[in-house]
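Trainee: First the structure, then my questions, so here it is.
The values are calculated or read from the model by the stated rules, or taken from the named source; none is laboratory data. In this text, all values refer to a predicted model and were calculated from it rather than measured experimentally. All Cβ positions, glycine included, derive from the backbone under ideal geometry; neighbour counts span all protein chains shown.
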Amino acid sequence: MNHYPILVLSDIHLGSEYSHYEDVISFLEKIKCDLLILNGDIIDGWQLRKSIRNFKSDHTNFFRVLLKKIEEDNTRIIYVKGNHDDFLDRVLPFEFANFSIVSEYMLQTPAGRYYVTHGDVFDSITTQTKWLAQLGDVGYTLLLHINKYYNKYRIKRGKPYLSVSQKVKAKVKSAVSYISDFEDKLVTIARIKKANGVICGHIHHPANQYYNDIHYLNSGDWVENKTALVFTYDDKWEVICK
């Protein structure tokens, strides 16, 4: 079992039929960590508003794993609110024992000081035109639906998994520009907050790179990429994939 000082997960989207919740549960059961940061969109409140039946009984196993980590491993858990779990606004800030819910967090590590945010507050589409963001969510869900059946077709023919939505985002100029603008905004905020880096999620695009003096990290998601961020005992950040 691997042990890391810090583990960051985001965008699990429990409540969405496209959430790979079984994979993230399996992943967590094989890892120990001192600090677990859940960086937004862990629960997909947008999907649950459509139908509470989207939240399967198996989804509760994810929270059982979290409780086990708190009780048996003494893991500290910090839940940073995202846009799909914006219902948590009503309880912010919340703290009980080793569990906290916050809107943002400043993380001090041997590698420097990192500003932790889901990232949606720096997304003008999400914050200023929520109806447009929800419309975009419908389009993204459609892509995931196509992706599901396309990969069934590929698997039957012995071909590896291929993310249709990731390919679309890489090809469409506006999507590439959106990701670049998003990263630039967060790097700028990190400088303003006098941090050495920023840790985010939101755009389902894992990353570990530098913008001059600022370390930009994105933990990815568990809808398409099945990735996480870990801070190792060598004082380094790594993106790992299930």
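Trainee: Please verify whether Y210 is at pLDDT below 95, more than 22 Å from G82 (Cβ to Cβ) and surrounded by fewer than 17 Cβ atoms within 10 Å (Cβ to Cβ), treating the condition exactly as stated.
Mentor: The answer is no for Y210.
Trainee: Okay, next question. Just to confirm my filter: which strands (runs of 3 or more DSSP E) fall fully inside the range 77-124 and include at least 2 residues that are in contact with a strand residue (DSSP E or B) (Cβ under 9 Å, 6 or more places away or on another chain), closer than 20 Å to H13 by Cα and of a type outside the set (S, T, Y)?
Mentor: 99-102
Trainee: Does D137 count as of a type outside the set (A, V, I, L, M, F, W, C), surrounded by 15 or more Cβ atoms within 10 Å (Cβ to Cβ) and modelled with pLDDT of 65 or more?
Mentor: no
Trainee: Looking at the range 28-40, is at least one residue surrounded by 13 or more Cβ atoms within 10 Å (Cβ to Cβ), in a helix (DSSP H, G or I), of a type in the set (S, T, N, Q) and in contact (Cβ under 8 Å) with a residue 24 or more places away in the chain?
Mentor: No - not one qualifying residue is present in the range 28-40.
Trainee: Does any residue in the range 225-237 that is more than 25 Å from S19 (Cβ to Cβ) come within less than 6 Å, Cβ to Cβ, of a residue that is surrounded by fewer than 11 Cβ atoms within 10 Å (Cβ to Cβ) six or more places away or on a different chain, and which pairs are these?
Mentor: D235/P110
Here's the yes/no breakdown for (1) modelled with pLDDT under 85; (2) surrounded by 21 or more Cβ atoms within 10 Å (Cβ to Cβ); (3) of a type in the set (G, A, S); (4) under 24 Å from W237 (Cα atoms):
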{"residue": "I155", "(1), (2), (3), (4)": "yes, no, no, no"}
{"residue": "S177", "(1), (2), (3), (4)": "yes, no, yes, no"}
{"residue": "S180", "(1), (2), (3), (4)": "yes, no, yes, yes"}
{"residue": "L186", "(1), (2), (3), (4)": "no, yes, no, yes"}
{"residue": "P206", "(1), (2), (3), (4)": "no, yes, no, yes"}
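Trainee: May I pose another question? From (1) at pLDDT below 95; (2) closer than 23 Å to L217 by Cβ; (3) hydrophobic (A, V, I, L, M, F, W, C); (4) more than 16 Å from the chain's Cα centre (by Cα), pick out the condition that doesn't hold for C33.
Mentor: Condition (1) is where C33 drops out.
Trainee: Tell me yes or no: at least one residue of the range 45-66 is of a type outside the set (F, W, Y), touching a residue at least 40 places away in the same chain (Cβ under 8 Å) and in a loop (DSSP other than H, G, I, E, B).
Mentor: Scanning the range 45-66 turns up no residue that is of a type outside the set (F, W, Y), touching a residue at least 40 places away in the same chain (Cβ under 8 Å) and in a loop (DSSP other than H, G, I, E, B).
Trainee: Another question, if that's okay. Output the residues belonging to the range 45-80 that are over 16 Å from L35 (Cβ atoms), hydrophobic (A, V, I, L, M, F, W, C) and surrounded by 15 or more Cβ atoms within 10 Å (Cβ to Cβ).
Mentor: Correct list: W46, L48, F55, F62.
Trainee: Against the conditions (1) under 20 Å from Y105 (Cβ atoms); (2) assigned to a loop (DSSP other than H, G, I, E, B); (3) among the polar types (S, T, N, Q), where does N225 fall short? Just the number, please.
Mentor: Of the numbered conditions (1) under 20 Å from Y105 (Cβ atoms); (2) assigned to a loop (DSSP other than H, G, I, E, B); (3) among the polar types (S, T, N, Q), the odd one out for N225 is (1).
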